[in-house]
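In what follows, a structure is listed as C-alpha cells, so that the remarks can point back to it.
The values are calculated or read from the model by the stated rules, or taken from the named source; none is laboratory data. Just so you know, these numbers come straight off a predicted model, no measurement behind them. We place every Cβ from the backbone using ideal geometry, glycine too, and count neighbours over all the protein chains shown. Each accessible area value is taken on the protein alone, full model and side chains, heavy atoms only, with ligands, DNA and RNA left out. Shrake-Rupley method; radii C 1.70, N 1.55, O 1.52, S 1.80 Å.
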Amino acid sequence: MRYIKSSKLRLAFAKSRFKLANNSTRNYRVLHRHINGGLLTGPSSKYSPLSLTARRTIVSIIVRNLPRLLRLRYLVLGGTVTGGVAAQKRYEEWKDKLPDTEWLKAYFPQSQLISERFTDYWADFKKSAARMQKGLSLPDASWMPPTLVRTWNERKESLRDALNDLHLSDREVSTNSDAARSQSSGAGGGSVRQESKQAESKDIQDELMTLQIQYQHEIEKLEKENRELRRQVLLSKTGSTSVADSKVRRSMRRSAIDMYSEVLDELSTYDHTYDTLDHLPRVVVVGDQSSGKTSVLEMIAQARIFPRGSGEMMTRSPVMVTLSEGPFHVAKFRDSPREFDLGKESELAALRREVEVRMRNSVNKGQTISSDVISMTVKGPGLQRMVLVDLPGVISTVTSGMATDTKSSIQSLCKKYMENPNAIILCIQDGSIDAERSNVTDLVSSIDSEGKRTIFVLTKVDMAETSLHNPERIKKILDGRLFPMKALGYFAVVTGRGNQNDSIQSIKDYEEEFFKNSKIFRDKLLKPSQMSTKNMSMAVSTKFWKMVRDSVEQQADEFKATRYNLETEWKNTYPGQRELDRLDLFEKAKGELLDQLVSLSQIQSKEWEDEFTKRLWDKTCTHVFEAIYLPAASSSNLGTFNTTIDIKLKQWSDKSLPQTAVDVGSNALKERYSSLIEELKKSNSNENKDTDLSITEPFKMAVIEEVFKRHQWDSKAEGSLRVLQQSCLEDRSINSRQQWEDSVVFMETTLQDMLKQADEKLNEMTGPGWATQWTSWKSRTPEQNSTLAIKHELEKLLGHEKVRKSQLSADEMTAIRKNLQMQKVEASDDLIRETWHQVYRKQFLNHSLTTAKMCRKAFGFYQKGLTPEQCGLDCKDVLLFWRVQQMMQTTSNALRQQVTNHEARRLERIMKEVLDDFGEDKVKLEQLISGRRVKLAEDLKRVRHIQDKLEEFIQCLNRDKS
C-alpha cells in the first residue's frame, strides 16, 4: 500500500509540475502579445506615455505569473540540491555494505594514494556542486514588490515538503524491496547469504585484480615513455642515432654503476697481502643446479645472454654481470672491445657461444669448475642498475665426467662470495620440486642465519601450482615458515614455459597472465608485492644501492690505510729507488733488449767474418782431417790422392756443409747478442748504476732463448751457400805467393793444434809420466799400464817401416798381441785399435807438419808444375788446405752479409713478437720477473689505483645524491 501511495504522490507531483509549466507558458504568450501589440508604446510616438489601464494590465500579468516562474526555478534548484544529497546518502549506504578492505593496504602500496586522490576528487565535486547551486540562484530581488517575496517564500516551503515526501517514499520502497527479498529466501536464507557474501567477495577480488593490472599497465606505459625520453636525452648528449656508433657511446660520461663495476674488476685480481679484504657489495646469485637462477638473471637483464643446457651444468665459472642504463640494449666483455646488439638473435647466439667458450677455457685440465671471473656489462633502457655474480649451481651428487671434488669446490666457491658481509645473497629455489630436496637453503642459512642480506626467490611457480596438492605450502615458503633460513624478502616468479626459444617479452606476458589467473593469488596465498620478476628486480636493486652507500666509504678508508703501510715499507726498504712494478720492469727490459739488437748492426765486417771463420773451422776441422785428409793421405800416388780429395769435398759440399754453415751463423748471432747483454750487465754492475738488471735477467735470457728457437735462417741462403762453397772447393789454382804462404801457415797452425790434441789424448790414455808421478804423487792404473805397453809396441812397428795407412792388418794385430803376451800384458783388440788410432795420428801429424815447413818456399815449383819426383817435395797437402781456406773465407763473407742485411731485421721482428707474447702471458711474467721488490711495487700501484677509483665513485654518488 505504501508503494501504491508513493506512486500516486509521484503522479500527482508530476501533473502539478506539468500544469504549472502550461500556465506559465500561456501567461508568457499573453505578455509577449501585449508587448509586441503596442501596450508599452503608443502608435504615433516611440516614447509616448502608457495609459493607466495598460499599466494595470501589465502589473497584474507579472504578479500572477511571477510565483509560478519562481516555483519552476526552485524546482530545478531543489532537484539539483536534493539529488546531490540523495547521491551522497546512497554512496554512504553502498560503502557500508562493502566488506572491510583494510587488509588491502598491506598488499597494495598505492591504496593510500588512491584513497587520497579519490577524496580530493570528491571534495572538488562537492565544491563544483556548491558553485553550481550558487550559479542557479536568482539575482537581487529588491526591485520586486513585497507581495511577490511573500509568495516566493510560501512556494519554497511547500516545494521543500514535497521533495522530502518524495525522498522518504523512495527509502520506503527500498526498504520494502529488501524485506521482500529476505522473505523470499525462506528456509535457506543462511546459506544463500553465505554464498552471496562469497560471490560478492570474489567479484571484489576480481575487480581489485583488474584495477591492479590496469594500474600496472599504466605504470609500465609511463615507464616505457620515461625510458624513451631518457634514451633521447642520452642520444642528445652524444649526437648518436645508431646502435653501430660505438665510438660515440664510449665517449659518454660513465655512470656510477660503470665506475663501481671497474672497482670490482680491479678487486677480483687483487692479492690480499695486507688483509684488505674485498667487502664491496655484490648481488650473489646462488641456487641448486637447474633451479632457474640463470633464467632469473636473464629476466633482470631482459635478454637471453647465457648458454642453455638441459639438465647439465652450464655455469662453470663466476660470471659478473654489470647492469646499467643506456640508449641501446648491448652487451660487452670487460677485456674485449666488441659490443653485442641484444636486439638481434644472431648477436645473442654469438654472445652465448662466447660465454660458453670463455667458461670452458677457464677450466683447468681435470677440473669441472673454475674460480676465474668472466666480467660482462649489459646496458639498455630501463635496466635496474646493479652488479650480479652468477655462480655454478649447487649439486648433490658428482656424476661421471666430473672431477671428484666438484661438489666441495662449488660449495667453497659459493661460500667465498657469500661470506662477504656486504654481499646480497639472491637465493634461488625451484618451486616445482620438494622442499626437502633443497641444498642451497642450508648453505645460505649457514652463512646468513639471520637473513639480514638474503632475498629468497621461488621460481617455476606455475609448475608448483599444478603439482602441489596443498597450495598452503607455497604460502609457508613465501612467509618464511617452511625453510630453516630467514630472508629480507620473499618473491615468486615465473621465468619461462620450458621453451628455450621464448623471448623475454613473451615470458613476461606469460608471467603476468599466470598471476592474473593464479589460484594462489585469488585465495590470498600470495601478496601482489611478492609477484613478478619486476618487483623482485626493483627490491634487489634498492637493497644493493643501500648496501653500497653504507659500505663504500668504509672500504675506501681501509684501502687508504693499506696504501700508507705499503708506502712506509717501500721508503724503509728501498730508499731512493723508483717504484717500478712488473709492467714497468717489463717495459724497461724490453727497451734494453731492442737497443742491444740494434747494436748488432754496429759490429765491424771484419769482426763478423773472423768470428764466422773461427767457428766454422772449429765445427768442420775434425771432419776435414778424419773424413777427407787421412783417407786421401793413405793413397800411394798423387792421382789417387787428388781424386779422393775431389770426391770427398764434393760429397761434403752437397750434404752437410751448407747446413753446418747456417748453424754456425745462427749460433754466432745468438752468442754475440747474448754477450752484448752480458757486457751491459757487467758495466752497470761495476758502476753500481742499476739494480733492476738482476731482477730482469731471467726474463731476458728466456726471451733470447725463445727468439732464437723461433728464428729460422732464410731457406734461400742455404742454396746460395752451396753454390759458393762448391765453386771454392773445386778451385785448385793458387795465384800468388802470398796465397801459398797463407795456406802453408793455415796448414801448420791446424796441424800443430791437432798434434797437441793427440798428445793430450795419448797422455790421458797412458797415464802420467815419471816426472808427474814424482811431483804430483800420482800413479798409473792397470789399464793405463796396458795402454802404455801397446803404445811402445806400435811405435816399434812404425819405426821399423814407413807405414802410411790408417788401419792395422790382421798379421800386425797378431804380432802385437804375441809381443804383449810375452810381456804378460792382457789387451783387447778394441784397446789396441784405439791406441793405434792415436799413435798413427800423432805420427801422421808430425810427418805432415814437417812437410808443411819444407813447402814454405816451394811456390816456384808449384808455379812451374813440377811433380814431387821432379822437385823432391810432396806439397799436395798445401793445395787441400788452400781450397778449404778459400771456402771458409767465402762462406764467412756470405754469412756476414746475410746477418747484417736480412737476419738482424728478421731477428728484430721475431723479438717484438716474443716480447708481445710474453707481455700477454701474465703467469710467465710473474715467474720470470719476481721478488719482494716487484711484489711490493705491484701492491702499491694496485692499491693506489683502487683507491682512486673508489674516490671517483664516491664523488659520483654524492653528485647523484645532491
Show me 395-406, 324-335, 359-370, 556-567 ranked by packing, highest mean number of other Cβ atoms within 10 Å first. 324-335, 556-567, 359-370, 395-406
When the accessible area of segment 339-380 is computed with all protein chains present and a 1.4 Å probe, what percentage of it is carbon and sulfur? 41 percent
Given R₀ = 35 Å, FRET efficiency for Arg905-Asn735 by Cβ-Cβ distance, to 0.05? 0.40
With a ≥ b ≥ c taken as the square roots of the eigenvalues of the C-alpha gyration tensor of segment 872-941, please select rounded if a/c is under 1.5 and otherwise prolate if a/b is larger than b/c or oblate if it is not? prolate
Which percentage, to the nearest 5, of the DSSP beta bridges contained in segment 308-408 is antiparallel? 65 percent
Through the Karplus equation 6.51 cos²θ - 1.76 cosθ + 1.60, θ set to phi - 60°, convert the phi angles of segment 360-370 into ³J(HN,Hα) values in whole Hz; use x for Gly and Pro. 5, 5, 6, 7, 6, 5, x, 10, 10, 10, 9
Taking max minus min of the Cα coordinates of segment 594-920 on each principal axis, largest first, gives extents in Å of 74, 58, 33
Centre separation in Å (Cα based) which lies between segment 690-758 and segment 630-670: 15 Å
Mind jotting down the distance between the C-alpha centroids of segment 880-920 and segment 553-608, whole Å? 32 Å
Cβ-derived FRET efficiency at R0 56 Å, His623 paired with Ser336, nearest 0.05: 0.50
Grab the beta carbon distance between Glu783 and Glu579, set R0 = 60 Å, and tell me the FRET efficiency rounded to 0.05. 0.40
Everything considered on the Cα gyration tensor (a ≥ b ≥ c; rounded for a/c under 1.5, else prolate if a/b is larger than b/c, else oblate), segment 635-792 must be described as oblate
Placing each pseudo-label 7 Å from Cα in the direction of the beta carbon, Asp610 and Ser720 end up separated by a distance in nanometres of 2.5 nm
Taking 0.36 nm per residue of separation and subtracting the Cα-Cα distance, what length does fully extending Glu671 through Asn499 add? 55.3 nm
Determine the per residue accessible area of segment 594-920 with all protein chains present and a 1.4 angstrom probe, expressed in square angstrom. 54 Å²
On the protein heavy atoms, probe 1.4 angstrom, tell me the percent of accessible surface of segment 832-880 carried by carbon and sulfur. 51 percent
Segment 594-920, dipole about Cα centre (Lys/Arg Cβ +1, Asp/Glu Cβ -1), debye to the nearest 20: 1200 debye
Between Glu951 and Ser551, the two model label points (7 Å from Cα along the beta-carbon direction) sit apart by a distance in nm of 2.3 nm
Among the listed pairs Lys614/Lys670; Lys619/Lys761; Lys379/Lys924, those beyond 24 Å (Cα-Cα): Lys379/Lys924
